[in-house]
Amino acid sequence: MNSVGSTYSRDQAIVLGGLAGLCLLAWLYLFYLARMMGQMPAGMAMTEPQMMSWSGTDLLFCFIMWAVMMVGMMIPSAAPMIMIFSQTYRKQFGQGQPYVPTSLFVLGYLAVWTAFSLVATAAQWGLHTTALLSPTLLKSTSPMLGGVILIAAGLFQWTDLKQRCLQHCRSPLNFLLNEWRDGRLGALSMGLRHGLFCLGCCWALMGLLFVTGVMNLLWVALIGIFVLVEKLVLFQRWVSGSAGALLVSWGLWQLLAH
């Protein structure tokens, strides 16, 4: 029994360490990127993005930025589900280590957010092209657009879709009971499924980055912390509703003040 318990503890420590390392690498890259952007000569930063259209390389780096950002923001909130998946897999299949199926679960989860990063990249390119995004601050230059984004994100907090997806994210055991698939392909499929629920829960919050600044790491961290809190606290409807009210109020203030 002690041997089995120590095996579980070791497995959990390895999985948790892997998730922490992945998240740390993502944040180190974001800090590096933010520092490099801050060191860009002021004249170049202010004029070059406006004068030049994006190249394929620009699009690629923008996509990488979003993809890495999603890793740093979403892995912490997905960690409880991933840890329980790893433990459940070990209990069901005592032979062998759960690292490969757990890795596939994480891969499926991140694949969903990588697909979202493509959409976010396209949105950023579109806002840049229409001069609705500041080339230096990477935030909306239009109070009307910013207000609409804030109000839309706030209203989404009150929708049934938000609450259904949030409930799946908050109930790892129920998710595993209802969505369990055997084998490695099953683990990948479950990761994709969980990623879709998580995307359905959080996609509107990511739009706030176009208001606060795509590379404003304080807001990146705050949104990531809110996503984590929203999934862990008992009174999630109160938390979601209160956040929705604040966002709607902020959006209305932005519209009326300008």
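Out of curiosity, is Val227 β-branched (Val, Ile, Thr), in contact with a Cys (Cβ under 7 Å, 6 or more places away or on another chain) and assigned to a helix (DSSP H, G or I)? Even if it seems obvious, please write down each step before you answer.
Working: β-branched (Val, Ile, Thr): yes; in contact with a Cys (Cβ under 7 Å, 6 or more places away or on another chain): yes; assigned to a helix (DSSP H, G or I): yes.
So Val227 passes the test.
Sort out which residues of the stretch 144-173 are of a type in the set (Val, Ile, Thr) and in contact (Cβ under 8 Å) with a residue 12 or more places away in the chain, and write them in order of number.
Filtering the stretch 144-173 down to residues of a type in the set (Val, Ile, Thr) leaves 148-149, 151, 159.
Correct list: Val148, Ile149, Ile151.
When you go through (1) modelled with pLDDT under 95; (2) touching a Leu at 6+ places or on another chain (Cβ under 8 Å); (3) of a type outside the set (Asp, Glu) one by one for Pro172, which number turns out not to apply?
(2)
Considering only the stretch 172-182, I want to know if a residue exists there that is of a type in the set (Phe, Trp, Tyr) and in contact with a His (Cβ under 6 Å, 6 or more places away or on another chain).
Taking the stretch 172-182 as the starting set, the residues that turn out to be of a type in the set (Phe, Trp, Tyr) are 175, 180.
From the residues that got through so far, the ones that are in contact with a His (Cβ under 6 Å, 6 or more places away or on another chain) too are 175.
Yes, some residue in the stretch 172-182 is of a type in the set (Phe, Trp, Tyr) and in contact with a His (Cβ under 6 Å, 6 or more places away or on another chain).
Please work out if Ala123 is surrounded by fewer than 19 Cβ atoms within 10 Å (Cβ to Cβ) and either more than 21 Å from the chain's Cα centre (by Cα) or under 27 Å from Val233 (Cα atoms) (or both).
Working: surrounded by fewer than 19 Cβ atoms within 10 Å (Cβ to Cβ): yes; either more than 21 Å from the chain's Cα centre (by Cα) or under 27 Å from Val233 (Cα atoms) (or both): no.
When the stated conditions are applied, Ala123 does not pass them.
Please state which of the following conditions His194 fails to meet, knowing it meets all the rest: (1) touching a residue at least 40 places away in the same chain (Cβ under 8 Å); (2) of a type outside the set (Val, Ile, Thr); (3) not in a helix (DSSP H, G or I).
(3)
Can you go through Val227, Val233, Val211, Val239 and tell me which one is farther than 18 Å from Trp113 by Cα, surrounded by 20 or more Cβ atoms within 10 Å (Cβ to Cβ) and of a type in the set (Val, Ile, Thr)?
On the way: Val227 fails: farther than 18 Å from Trp113 by Cα; Val233 fails: surrounded by 20 or more Cβ atoms within 10 Å (Cβ to Cβ); Val239 fails: surrounded by 20 or more Cβ atoms within 10 Å (Cβ to Cβ).
Answer to the selection: Val211.
Go through (1) among the small types (Gly, Ala, Ser); (2) over 18 Å from Gly244 (Cα atoms); (3) surrounded by 21 or more Cβ atoms within 10 Å (Cβ to Cβ) and name the single condition Gly183 misses.
The single condition Gly183 does not satisfy is (3).
Might you check whether a residue that is β-branched (Val, Ile, Thr), modelled with pLDDT of 95 or more and either under 30 Å from Asp58 (Cβ atoms) or assigned to a helix (DSSP H, G or I) (or both) occurs anywhere in the stretch 107-116? It would help to see each step written out before you state the result.
Quick first cut of the stretch 107-116, residues β-branched (Val, Ile, Thr) only: 112, 114.
Narrowing the set further to residues that are modelled with pLDDT of 95 or more leaves 112, 114.
Imposing the further condition that a residue be either under 30 Å from Asp58 (Cβ atoms) or assigned to a helix (DSSP H, G or I) (or both) reduces the set to 112, 114.
Scanning the stretch 107-116 turns up at least one residue that is β-branched (Val, Ile, Thr), modelled with pLDDT of 95 or more and either under 30 Å from Asp58 (Cβ atoms) or assigned to a helix (DSSP H, G or I) (or both).
So which residues in the stretch 143-155 are over 9 Å from Val211 (Cα atoms) and crowded, with 19+ Cβ neighbours inside 10 Å?
Within the stretch 143-155, Ile151, Ala153, Gly154 meet the criteria.
Take Ala221 and decide whether it is under 21 Å from Gly38 (Cβ atoms), at pLDDT 95 or above and under 17 Å from the mean Cα position of the chain (by Cα). First the steps, then the outcome.
Working: under 21 Å from Gly38 (Cβ atoms): yes; at pLDDT 95 or above: yes; under 17 Å from the mean Cα position of the chain (by Cα): yes.
Answer is yes for this residue.
In this structure, is Cys165 assigned to a helix (DSSP H, G or I) and either charged (D, E, K, R) or modelled with pLDDT of 95 or more (or both)? Break it down stepwise before answering.
Details: assigned to a helix (DSSP H, G or I): yes; either charged (D, E, K, R) or modelled with pLDDT of 95 or more (or both): no.
Spelling it out, it is not the case that Cys165 is assigned to a helix (DSSP H, G or I) and either charged (D, E, K, R) or modelled with pLDDT of 95 or more (or both).
Can Leu138 be described as surrounded by 16 or more Cβ atoms within 10 Å (Cβ to Cβ), modelled with pLDDT under 95 and out of contact with any helix residue (DSSP H, G or I) (no Cβ under 7 Å at 6 or more places or on another chain)?
Working: surrounded by 16 or more Cβ atoms within 10 Å (Cβ to Cβ): yes; modelled with pLDDT under 95: yes; out of contact with any helix residue (DSSP H, G or I) (no Cβ under 7 Å at 6 or more places or on another chain): yes.
Yes.
The values are calculated or read from the model by the stated rules, or taken from the named source; none is laboratory data. Just so you know, these numbers come straight off a predicted model, no measurement behind them. Reconstructed Cβ throughout: ideal geometry from the backbone, glycine too, with neighbour counts over all protein chains shown.
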